[in-house]
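What follows is one structure encoded as structure tokens, with my remarks underneath.
The values are calculated or read from the model by the stated rules, or taken from the named source; none is laboratory data. Bear in mind the structure is a predicted one, so any value in this text is a computation, not a measurement. Cβ placement follows ideal geometry from the backbone for every residue including glycine, while neighbour counts extend to all protein chains displayed.
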Amino acid sequence: MVVAGNGKVRMARKLVFSSGHRYWSPELSADENQALYGRWASPYSHGHNYSIFVTVEGVVDPKIGMVCNIKKIDDVVKERIISVCDQKSLNDEVPYFKDRAPSLENLMKFIQSELTAPGAMPPEAPMVNFRLEEMPTFYGEMNLTDTWKMNITRIYNFSAGHRLHNDDLSETENLELYGKCFNPAGHGHNYILEVTVEGEPDPKSGMLISLDKLDEIVSSEIIDRYDHKNLNVDVPELAYKITTCEVVAQVVFNILKEKLPVKLARIRLQETPKNIFEVAA
Ligand SMILES: [Zn+2]
Ligand SMILES: [Zn+2]
């Protein structure tokens, strides 16, 4: 639970379901399906373990010490989402996807419409945001504050070396400022890069951006150029910069903002599990 800042409390609840789906429109040719759905186009199904994180917000009822009984939230999600989708084929057994691609984006639209329908959530605890994870490397979010605007996030990794130093400072000052990170021979990290884009899904593919395209741009612009490299010397835009995670995050954000055909909402760069930086539009 977190305090929302307006005297209310936010409560997040995780629920899970497993569904099958396929990216294939029978009215299109194989080539057209390939062009629309990219490498995931197939007339055969695959599936995922989905996780929904539903956040509701409300005032703590002094009589029960809760915003609302968690069971009420679970019951709504179970009735409207889990019982409809769990262990089912989204394409063949969920009416919402009769005329829509069963993408993460459209599944989010389905969840949003179900959980914000009048009378769905308990009135004392309306949903304010939710996150839907399709894979450990792919999730989406929608929230009330942004009038349920949609964003999706893809997670990438690269390993790189660096050294923190500022040539304008003395050795003593550098050592004091950067400590062990000033080590002349350098060191390195397994970086985790989360790229979040926002917009409306394409009505045909159901996708905000083809993941093939997103992966291709992020890989060619960042991952392939940074992975197993020394950030201070191998990467031109970082050479002679102070390669703190803050600076790297800003540089990555500016590159991707230019290259992506959709709006870049945020990047999150983790240098170590204790150091995570975020740059938002
Ligand atoms: Zn899938
Ligand atoms: Zn470091």
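Give the residues of the range 171-208 that are within 16 Å of ligand 1 (Cβ to nearest atom) and within 13 Å of the chain's Cα centre (by Cα), sorted by residue number. If you could, list the steps in order and put the result at the bottom.
Taking the range 171-208 and keeping what is within 16 Å of ligand 1 (Cβ to nearest atom), we get 201, 205-208.
Within the range 171-208, Leu208 is the sole residue that qualifies.
Give me a count of the residues in the range 160-215 that are small (Gly, Ala, Ser), more than 15 Å from ligand 2 (Cβ to nearest atom) and out of contact with any Gly (no Cβ under 8 Å at 6 or more places or on another chain). Steps first, please.
Of the residues in the range 160-215, the ones small (Gly, Ala, Ser) are 160-161, 170, 179, 185-186, 188, 199, 205-206, 210.
Add one more test, that the residue is more than 15 Å from ligand 2 (Cβ to nearest atom), and what stays is 170, 199, 205-206, 210.
When the remaining residues are screened for being out of contact with any Gly (no Cβ under 8 Å at 6 or more places or on another chain), the result is 170, 199, 205-206.
Count: 4.
Sort through Lys98, Lys88 and tell me the only one that's over 22 Å from Pro201 (Cα atoms) and either more than 16 Å from ligand 2 (Cβ to nearest atom) or acidic (Asp, Glu) (or both).
Lys88
Listed here are the residues, each with its yes/no results for (1) within 16 Å of ligand 1 (Cβ to nearest atom); (2) modelled with pLDDT of 95 or more.
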residue	(1), (2)
Ser19	yes, yes
Gly38	yes, no
Tyr50	yes, yes
Asp61	no, no
Ile64	no, no
Ile70	no, no
Asp74	no, yes
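State all residues of the range 210-227 that are at pLDDT 95 or above, within 20 Å of Glu141 (Cβ to Cβ) and of a type in the set (A, V, I, L, M, F, W, C); if no residue qualifies, say none.
Leu214, Val218, listed by residue number.
Any idea which residue in the range 35-50 is nearest to the chain's Cα centre (by Cα), counting only those that are buried (at least 16 other Cβ atoms within 10 Å of the Cβ) and free of Cβ contacts under 8 Å to residues at least 60 places away in the same chain?
Among those residues, the one meeting the criterion is Ala41.
Residues in the range 202-235 that are touching a helix residue (DSSP H, G or I) at 6+ places or on another chain (Cβ under 8 Å) and basic (Lys, Arg): how many?
The total comes to 2.
Identify, please: which residue in the range 86-113 is in contact with a strand residue (DSSP E or B) (Cβ under 7 Å, 6 or more places away or on another chain) and hydrophobic (A, V, I, L, M, F, W, C) and is, among those, farthest from ligand 1 (Cβ to nearest atom)?
Filtering first and then ranking leaves Ile111.
To keep it simple, each residue is scored yes or no on (1) surrounded by 14 or more Cβ atoms within 10 Å (Cβ to Cβ); (2) modelled with pLDDT of 95 or more.
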{"position": "Phe158", "(1), (2)": "yes, yes"}
{"position": "Gly161", "(1), (2)": "yes, yes"}
{"position": "Glu173", "(1), (2)": "no, no"}
{"position": "Gly186", "(1), (2)": "yes, no"}
{"position": "Tyr191", "(1), (2)": "yes, yes"}
{"position": "Lys229", "(1), (2)": "yes, yes"}
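Can you go through Ala239, Ala249 and tell me which one is surrounded by fewer than 17 Cβ atoms within 10 Å (Cβ to Cβ) and away from ligand 1 (no atom under 16 Å from the Cβ)?
Ala239
Taking the options Phe277, Phe253, name whichever one is free of Cβ contacts under 8 Å to residues at least 60 places away in the same chain, assigned to a helix (DSSP H, G or I) and aromatic (Phe, Trp, Tyr).
Details: Phe277 fails: assigned to a helix (DSSP H, G or I).
Answer to the check: Phe253.
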